[in-house]
Amino acid sequence: MSKHWSISDLLAGKVDADTTVTVKGWVRTRKDSKAGFSFINLHDGSCFDPIQIIAPAELDNYNSEILQATTGASMAVEGKLVASQGKGQSFEVQATAIEVLGLVDDPASYPIQPKPHTMEFLRTVAHLRPRTNAIGAVTRVQNCLAQAIHRFMHERQFYWIHTPLITASDCEGAGEMFRVSTLDQTHMPMTDKGEVDYSQDFFGKEAFLTVSGQLNVETYVSAMSKVYTFGPTFRAENSNTSRHLAEFWMVEPEIAFADLAQNADLAEDMLKYIFKAVLDERGDDLAFFNQRIDKTVIERLEGVVNSEFERMDYTEAVKILQNSGKKFEFPVEWGTDLQSEHERYLAEEKVGKPIVLMNYPKDIKAFYMRMNDDGKTVAAMDVLAPGIGEIIGGSQREERLDILDSRIDEMGLPKENYWWYRDLRRYGTVPHSGFGLGFERAVLYATGMKNIRDVIPFPRAAGTAEF
RNA sequence: GGGAGCAUAGCUCAGCGGAAGAGCGACUGCCUGUUAAGCAGUUGGUCGAAGGUUCAAUUCCUUCUGUUCCCUCCA
């Protein structure tokens, strides 16, 4: 058997013509010609385009197997790589032997038909949808983004810190949490006070799935200077939208000796870097997205890469919204959080590119965000992307113990739970900043896909944990 | 958690108180170095479930289930 090549390598011209090669993959389409052969478009995930196989009728299993190979069937093909005699592809494989590995049972009901499907339907066949053009392209782009994130961080000498997914900090300050417990839920041990006795639970205390690696990674930034997390995160919010998941991946860089402005610069640099990687490396997939999914996606990515992000204070944004002349469902008032409609107006209508909103009122932000000198705002920032909304949220962290303590008290949080977090401010505290990038939201932006459930392989959301 | 939709063939949808339709797919034939192919034919449905109104319900009403989108939450 000759060498097994990726289709991407063959189409890219990495192999000389007339070389005997083996390709393996799945049939996208088969078309039989009376001239004595069949055209088989075979895909293996390595690139957007399938490779064309010419299967001559002289093959001994032509009638018995090859003519039975419908869309979705798997096969191993050996043949000669030749310049294509037809239009539409540079190379094709003149097969000398085809082993049909697996046929499709009942082709009429095979879910992935060679025709357009709705994303809603494909979600119901999540085990087969990576075989489609769209989800295959999403998969390559999401991988490109993930690799680019690690590359960006590595080039800037950040350390990747594996923060825990299970946490006993029940107040990480970012929404509802999933409980992790091995207690028998039909016979919960109780204390004298009539409360569940978690001292008998696996960890000896209440435990949850993390909503953020930030608090943990702050310990490492206080020693390694530049760190980041990249891993799954969990939110038990009952939110049913096209941009929320109960389980999603988040990138959380944290930098020491850095203020909010440097934090915003890092966020901008990172987004530009990873979207440029997609433009450079996934032209084939982007061409598909631009043609079939969102006709503005390439233009938008190029816009992000080539333009300066807008920076704007919350206070300024409130004034703009109030003077916009737009009728909003929710009123705009200094001191309240901006609604989706407000963020959309700013990012999509007012600015038309990503915008960094900074310095929010302290009462609508988390306890660990650094108090500004005005005593009213904290050094928080959100990066809003047109079409997606909030893609990044971050802040400069409060490094002054006395102020941190008063914020913890103000919010009625149990100080003892934060003893190790507070220690960081007792022992050689430094100014530091960080942010969280919703990874799937970045994939949405890079692909033009509309629903976050279509850019993660197996979406978990309220009421959804199939597959 | 709040709100609004939707549920009819493998898929996308039309229909409508009075005998279940189209396109795509699949299959068959013709044509064909084809490639989002063309022409013709065939196949294919417990009209989401359970109640109710009616001479008659896929159609109207109620409940349930599933699902989509928006808001809240945030990334």
Does segment A:192-287 come out rounded, prolate or oblate, given a ≥ b ≥ c as the square roots of the eigenvalues of its C-alpha gyration tensor, rounded meaning a/c under 1.5 and, failing that, prolate meaning a/b above b/c? oblate
Sequence gap at least 6, Cα distance under 8 Å: using those rules, report the relative contact order of segment A:218-273 to the nearest whole percent. 37 percent
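Accessible area per residue, 1.4 Å probe, Å², for chain A: what's the number? Can you show the working numbers first?
Working: 22330 Å² over 467 residues.
Here the residues of chain A average 48 Å² of exposed surface.
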Apply the Karplus curve 6.51 cos²θ - 1.76 cosθ + 1.60, θ = phi - 60°, to the phi angles in segment A:346-354 and return the couplings in whole Hz, x for Gly and Pro. 5, 6, 8, 8, 6, 10, x, 7, x
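Within the set A:Lys327/A:Lys350; A:Lys205/A:Lys362; A:Lys319/A:Lys376; A:Lys87/A:Lys115; A:Lys205/A:Lys376, which residue pairs have Cα atoms separated by over 25 Å?
Too far apart for the 25 Å limit: A:Lys205/A:Lys362; A:Lys205/A:Lys376.
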Would you mind checking the tilt of helix A:133-155 against the longest principal axis of the Cα atoms of chain A, expressed as 0 to 90 degrees and rounded to 10? 50 degrees
Exposed-loop cut sites defined as GluC sites (Glu not before Pro) in DSSP loop states with at most 14 other Cβ within 10 angstrom; longest site-free run of chain A spans A:334-465
In terms of the alpha carbon gyration tensor, root eigenvalues a ≥ b ≥ c, rounded if a/c is under 1.5 and otherwise prolate when a/b exceeds b/c or oblate, chain A is prolate
Bridge orientation stat for chain A from DSSP, antiparallel percent rounded to 5, came to 85 percent
A student applying the Cα gyration tensor rule (rounded when a/c is under 1.5; otherwise prolate if a/b is larger than b/c, oblate if not) would label segment A:7-102 prolate
Segment A:1-56 versus segment A:397-462: alpha-carbon centroid distance in Å: 47 Å
Using only the alpha-carbon atoms, how far is helix A:214-224 inclined from the longest principal axis of chain A? Give it as 0 to 90 degrees, nearest 10. 90 degrees
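The values are calculated or read from the model by the stated rules, or taken from the named source; none is laboratory data. As the structure is a prediction and not an experimental result, all values here were calculated from the model. Cβ sites come from the backbone with ideal geometry, for glycine too, and all protein chains shown count toward neighbours. These accessible areas exclude ligands, DNA and RNA; they are computed on the full protein's heavy atoms, side chains included. Shrake-Rupley method; radii C 1.70, N 1.55, O 1.52, S 1.80 Å.
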